[in-house]
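Any read-out appearing in this document is the output of simple, stated calculations on the displayed coordinates, not a laboratory observation. As the structure is a prediction and not an experimental result, all values here were calculated from the model.
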Amino acid sequence: MALAAGSLAAAHSLNPSAAQTPATQTPPTQPPPVAQPPGVPGAPGAPAAQQPAVPASRKFTADAGIMFSVIKADKTADFEAVMAKVKEGLAKSQDPKRKQQALSWRVFKGVETAPGGGVLYIWFLDPPVKDAEYTVTDILREAFPNEAQDLWAKYVGSFVSGQTMLNLQQTVNMSPTAAAK
């Protein structure tokens, strides 16, 4: 997995279209629908180049899922703080799907520096909740409606570039106790 992550990150930094062949390159999820401060992507008056295309869905549909995010080295504390709020939001949710999401959603941080000096974070979902949205802003808006805008700004401001989402289908399980597929 580390080799794949490094290869994907390297491919993305050298040739953004190379990373899009097996995966979907998308920016972070859309912000909560409230007024945004200037300079935040999608804010009124923000340059068009900063306005990301909004993904249709953050639903994983396979056996497992991975989301790659390259974060600015000086913004890792912001990214981790927002992910801690996502964890808190999942824990306090009354929605059974949100509770189920929390059981199999892990976030990993690359030990090695990503190309360009960023830090690679990987969400590993095994198994993902197949009917559930993993949209960070939805979770934050549900759990922290009064803080969602500020959390969104901190979250989106931490990214070097967008996210790459992969649905994974298991082909071989190396465990000697695993059933043949």
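Observations on the structure shown:
- Cα point-scatterer Debye curve for region 55-117, base-10 log of I(q)/I(0) at q = 0.18, 0.23, 0.25 Å⁻¹: -0.85, -1.17, -1.23
- The base-10 log of I(q)/I(0) for region 97-175, evaluated at q = 0.18, 0.20 Å⁻¹, reads -0.99, -1.14 [Debye formula, identical scatterers on Cα atoms, solvent excluded].
- Computed over region 84-181: relative contact order in percent, which uses C-alpha pairs under 8 Å that are six or more apart: 23 percent
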